[in-house]
Amino acid sequence: MKHPQYLIKSNLSEKQIELDVSRYFGWITPVDMNSFILLESNESLTGADVEFDSGILLYLQFKVSEGLKSTSVIKPSQRRNRSKMEEIRIFRNINLLNDDPTLFFKIRKKALHAEDLQHNILLSFEKPPISRAFYVAPLCLDKNQYQNILFNSHLRHLTHPFSHSINLRIYQNRWKSYLGSIPILRNHISIPPHERVKDDNHYYAYSENGDDISWHSEEIISREPRRFTDTIIEIIEDINKGILQFVSLDQLNSFLLENNPQTRLDTNEILKSEENNSLSQIQAHGRMLYKKHQIKQFLLLKRKQ
């Protein structure tokens, strides 16, 4: 299929991005400490995990960025029925948003037999103070460039991936970390869904620096950077300010059933052969959510003591 001249295709895949970011995102766990852990829904429970008694839910939807050349490079079409991508290019040029090039992704079409668009389901989990939800997409288009960022030989074998950053200090008992310059996470944008939609003809667009974020050709979301490291810093700061709050696992489980009641029967079916406690049920919900909608669930856990 021939693509328009202004479109820059990516050779990355959602599955590759999801795997790489999930692994690195898990590094938030402190070394040799049990203050808190980040648990992914497919991870097996251990005796130590079950001892954690409160948490915050995090939901990630991974996307591949595509590129758009600036209208100063390729003039926009004058057709009346021009594409939404053309409208994005024009909108960003008029509003002086960084567009050399523009990166973007389109929200996913409604899946067969799905009860709603994936975007709206992700939005249903953007509910502070106990749940946050984000799109995550790389700020590059080329697989080789992405791998060079991921496997930077100078940064790959750090004792702890936060140890070289100077942006934010986090104290957990006797443990201290610095956030903000984790290479692989810094090179991804992170955008929370912000409104419900009726169809999939909607796009988030942004610069290669992770700023100047727009909602197709209608709205400027933010001119400030929203890289994934910025999101992690925001999460930690919001915990310290009480904007995000650790609540009991029973409360989280109740939230999931009330928030997404159409999944209750599916979750109960999964649980027939599992240990019947709140943490197991939360994990079962995450596995079901990923199977049906490819939304990844993480659980930031801690002990109240």
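Brief remarks follow.
- Per-residue extension of 0.36 nm, minus the Cα-Cα distance of residue 145 and residue 248, leaves a gain of 32.9 nm for this segment.
- Packing-based order for 203-209, 7-13, using average beta carbon neighbours within 10 Å, highest first: 203-209, 7-13
- The modelled label-to-label distance between residue 287 and residue 53, using points 7 Å beyond Cα along the C-beta direction, is 2.7 nm.
- In segment 181-248, the portion of solvent-accessible area held by carbon and sulfur atoms comes to 38 percent [1.4 Å probe, whole percent, DNA, RNA and ligands not counted].
- Here the spin labels are modelled as points 7 Å beyond Cα on the Cα-Cβ line, and at residue 240 and residue 126 they lie 2.5 nm apart.
- Hull-based mean projected area of segment 82-134, where the convex hull spans the alpha carbons, in square nanometres: 5.8 nm²
- Distance between segment 73-122 and segment 188-214 - C-alpha centres, whole angstrom: 9 Å
- Counted by Cβ distance under 13 Å from residue 75, the other residues give a net charge of +3, where Lys and Arg count +1 and Asp and Glu count -1.
- Annotation: extensible slack from residue 277 through residue 94 equals 60.5 nm (criterion: 0.36 nm per residue apart, minus Cα-Cα distance).
- Packing-based ranking, highest mean first, of 188-195, 215-222, 251-258 given that Cβ atoms within 10 Å are counted: 188-195, 251-258, 215-222
- Distance violations [Cα-Cα > 19 Å] among 84/127; 127/241; 127/296; 15/198; 110/198; 69/106: 84/127; 15/198
- Stretching the chain fully between residue 75 and residue 258 yields a gain of 60.9 nm (0.36 nm per residue, less the alpha carbon separation).
- Protection proxy ranking, highest mean first, for peptides 127-137, 91-101: 127-137, 91-101, where packing is the per-residue count of other beta-carbon atoms within 10 Å, averaged.
- Simple Cβ-charge dipole of segment 85-138, Lys/Arg +1 and Asp/Glu -1, about Cα centre, in debye nearest 20: 180 debye
- Using every pair of separate Cα atoms, the Kirkwood estimate puts the hydrodynamic radius of segment 187-250 at 13.6 angstrom.
The values are calculated or read from the model by the stated rules, or taken from the named source; none is laboratory data. As the structure is a prediction and not an experimental result, all values here were calculated from the model. So basically every Cβ, Gly included, is an ideal-geometry build from the backbone, and we count neighbours across all protein chains shown. Note: accessible area is taken over every heavy atom of the protein model, side chains too, but ligands, DNA and RNA are not part of it. Shrake-Rupley method; radii C 1.70, N 1.55, O 1.52, S 1.80 Å.
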